[in-house]
Each structure stands twice: as C-alpha cells, then as structure tokens.
Amino acid sequence: MKKSNEPFWWAMFGAGGVLSAFFIPILIFLFALAFPLGWLPAPSFDQLEMLTSSLIVKLFLFALIFLSLFHWAHRFRFTLYDGLQVKHLNELIAVLSYGTALFGTVAAGWVLFFG
Amino acid sequence: MTSNITLEVFRYNPENDDEPSFQSYAVPCNKDWVILDALNYIKDNLDGTLSFRWSCRMGVCGSCGMMINGTPVLTCAKFLKDYLPGPIRIEPMEHFPVVKDLIIEMSDFVDKLKRVKPYIIRKEEQPLSEGEYLQTPAQLAAYKQYSMCINCMLCYSACPVYGLEPEFLGPAAIALGQRYNLDSRDQGKKEREDVISQDDGIWQCTFVGECSAVCPKDVDPAGAIQRYKVESTTNWWKSVLMPWSDK
C-alpha cells in the first residue's frame with residue numbers, strides 16, 4: 001500500500017508549533033513591548049549585531065524561522081482546504097503554502113549566513 | 001402537575017415525501033423522563049408512524065443517538081427538564097443518509113470498522129494447555145479507555161472533517177484500531193497500520209476535538225488519533241533514516 005507523506009509535513013508542523021509557542025512570545029515581549037516601552041533597557045545596535053554574529057544564535061534563529069514558517073504553511077493549507085472546501089485545488093494549495101515557507105526559509109538563511 | 005414541552009421532530013418518509021419536514025408534538029415534561037421516553041410517548045400515544053432506533057435505555061447499546069438542538073447525543077442520557085422551556089429540535093444524526101425519520105444508514109461506519117480489524121490478531125495462537133493470555137493491570141490500563149466505545153457514531157456526526165470528506169476513516173474506527181494496537185495480547189499492529197496511517201486515515205484529522213467532546217463514554221478518539229500520528233511519524237522517519245530497520 002502507498003505510504004503517506006503526511007508524517008513529514010506533520011513533523012515540521014509539530015516541531016514548528018513547539019518552537020514558536022515557546023520562543024516567539026518571548027521575542028514579541030522583548031522586542032515589541034519591553035524594549036520600545038522602556039520596561040527593560042534596550043540593547044544597542046552594536047550589541048545586537050554582536051549577538052547575532054554568533055553561530056549558535058544564527059542557527060537558533062534559522063531553525064525558529066524555518067520551522068515556524070512550515071508550521072504556518074501546514075495550518076494554512078488545511079484552513080484553505082477545509083475552510084473554503086477547495087479540494088480540487090489541493091496540489092496547488094500545497095505547492096503555494098510549502099513553497100512560500102521554503103522561500104522564507106531560503107531568504108532567512110541568506111540574510112543570516114550570507115547577508 | 002406536569003407541564004408540557006414541545007418536540008420538533010424531523011420527519012421523512014422517502015416513499016411519500018419529496019423532502020423532509022418538522023412535526024411538533026406536545027409531550028408531558030416529567031422530571032424523570034429522558035428524551036427517548038418522550039419519543040416513546042409520541043410513538044405509543046400520539047403518532048405510531050414515527051420511526052427511531054433504541055434498545056437498552058441505559059447508555060450501553062449505542063442505538064439512540066440523534067441530533068438534539070444541533071448536538072449529537074444519546075437520547076437515553078439527556079433529561080427533558082434540562083431543555084425547558086423548549087422547544088427541543090430532534091433530528092437524525094448528521095453526516096449519515098436518512099432511511100426514515102430519525103433512522104440513519106450506518107453501513108459506511110460498519111465497513112470502516114471492519115477495515116481496521118478490531119479484534120485480537122495473533123501470529124500464532126498459544127495452545128490451550130498454556131492457559132490464558134495474562135495481563136497486568138498496567139497492560140489493561142493501556143487500552144481500557146478505548147475499549148469503552150459502544151459504536152454509537154456520535155463522533156462521526158460531530159466531526160466536521162467526516163462531513164467534508166466522507167472517505168475519512170473517522171474517530172471511532174481509529175480509536176478502536178488503537179484499542180487493539182495497545183493490547184499486549186495483540187500482534188496485528190502492522191496490518192492495521194496499512195489502513196490507519198493513510199491519507200484518508202489519521203492524516204485527514206485536523207484535531208478539531210469534537211469527537212471527544214460528544215463521546216458519551218469518554219473514549220477520547222481525538223487523543224487516540226494524535227497519539228497514533230506521533231507513532232506513525234516516528235516510524236516514517238525511522239524508515240527514511242534507517243531503511244534497514246523497516247521490515
């Protein structure tokens with residue numbers, strides 16, 4: 001019997017869900033609230049530049065962006081599929097959703113490692 | 001002194017009616033009556049042509065499921081007085097074809113149930129002389145919850161995915177497959193995987209969770225499906241990263 005490929009996408013969806021649920025609220029709290037509103041002393045541009053030049057931080061940001069995008073893509077695919085009931089467009093929706101996530105991943109990798 | 005409550009009952013007789021209609025009946029709202037008692041009151045005293053399924057009246061047989069005000073429930077387990085002042089709208093279970101009035105056609109579910117092989121599969125039966133297959137309390141606890149399913153199909157009526165994708169294997173069939181997968185006496189996991197780990201098996205589920213919300217036996221089919229997804233994903237990655245381990 002034909003093996004389903006869904007486990008691959010679901011694994012990315014699950015990993016992205018866990019990572020983004022843990023880390024994105026912290027990043028939003030720091031960079032969208034605490035720093036701009038002065039609740040915490042904001043780091044300077046140079047300090048942030050130094051932080052993001054470390055390989056571990058680069059890898060962390062890359063994994064976070066890559067998996068969060070694929071989490072979004074999987075959820076968006078099923079939202080369109082079930083929500084709009086456009087079953088006949090399944091392939092197109094999958095290509096566009098995962099393609100967008102792949103594009104974002106490549107762009108993030110470019111900025112982080114070659115930018 | 002008992003007041004009356006109105007039941008708006010779905011009526012459809014495919015031999016005479018072009019389309020379904022609703023018929024209202026006023027029934028006494030006895031405080032110890034469940035909805036099924038009210039339907040039997042109608043059948044016995046008001047209108048003998050009303051058709052519906054029921055058997056045990058005590059939440060065991062799983063025959064009397066209907067949509068009550070849009071929610072799938074066992075009518076033997078819901079008291080009339082909880083719906084005061086009424087009216088109560090009674091319809092056949094959603095997502096199934098209607099045979100007559102409140103009776104639905106269930107062969108789709110029965111076929112799916114057969115496909116997951118919901119029985120103990122042994123590669124080799126242990127000879128009688130060796131006695132029973134023993135189980136520890138922990139081994140029993142591993143599957144007991146899933147064995148409480150009474151095949152009432154409320155979960156199929158509650159599942160929006162089943163409504164959209166009739167080929168979806170569905171909550172109860174997957175939970176019952178898991179019931180035998182998790183049984184220490186069973187060796188049929190591999191055979192069931194070919195049915196359950198498919199695009200129209202667990203992978204169609206988007207974890208809406210309504211199946212578990214309406215289950216009258218607290219089986220938690222949604223939980224069974226998500227656990228199976230984790231296991232199936234682990235197996236998939238294993239077979240990709242370690243192809244030699246895939247027998």
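Where a number appears in this text, it was derived from the coordinates with a stated rule and is not lab data. On a predicted model such as this, the values are computed, not experimentally measured, just so you know. Quick reminder, even Gly has a Cβ in these numbers, built from the backbone with ideal geometry, and neighbours come from all protein chains shown.
Numerical summary
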quantity	calculated
In Hz, Karplus ³J(HN,Hα) per residue of the range B:66-79 (6.51, -1.76, 1.60; θ = phi - 60°; x = Gly, Pro)	8, 8, 10, 6, x, 10, x, 9, 7, 6, 7, 10, 10, 7
Convex hull of Cα atoms in the range A:44-114, direction-averaged projection (nm²)	5.5
FRET efficiency estimate (nearest 0.05) - Cβ-Cβ, B:Leu164 to B:Lys81, R0 30 angstrom	0.25
Values of log10 I(q)/I(0), in the order q = 0.21 Å⁻¹, for the range B:9-76 under a Debye, Cα-only, solvent-free model	-1.02
Model label zone, B:Ser51; criterion: amide N under 14 Å from point 7 Å along Cα-to-beta-carbon; scope the range B:94-133	B:97-106
37 °C / 0.692 mPa s Stokes-Einstein diffusion coefficient of the range B:91-247, Kirkwood radius on C-alpha pairs, µm²/s	196
R0 of 51 Å, Cβ-Cβ distance A:Asn5-B:Thr2: FRET efficiency to nearest 0.05	0.25
Cα gyration tensor shape for the range B:145-207, rounded if a/c is under 1.5, else prolate or oblate	oblate
Cα-based Rg of the protein assembly as shown normalised by 2.2 N^0.38 Å, two decimals	1.29
Label-zone membership for the range B:108-122, site B:Gln187, 7 angstrom Cα→C-beta point, backbone N under 20 Å	B:117-122
Within straight-line cross-link reach of B:Lys238, lysines at Cα separation under 19 Å, skipping those fewer than 8 residues along the same chain	A:Lys2, A:Lys3, B:Lys189, B:Lys190, B:Lys229, B:Lys247
Cα-based helix-to-principal-axis angle, B:221-241 vs chain B, degrees rounded to 10	30
Projected label distance in nm at A:Phe35 and A:Ala63, using a 7 Å step from Cα toward the beta-carbon	2.2
Span from the the range B:29-78 Cα centroid across to the the range A:42-79 one, whole angstrom	56
Nitroxide proxy distance, nm - points 7 Å out along Cα→Cβ at B:Lys238 and B:Glu19	5.4
Contact order relative to length of the range B:87-224, as percent, for alpha carbon pairs under 8 angstrom and 6 or more apart	29
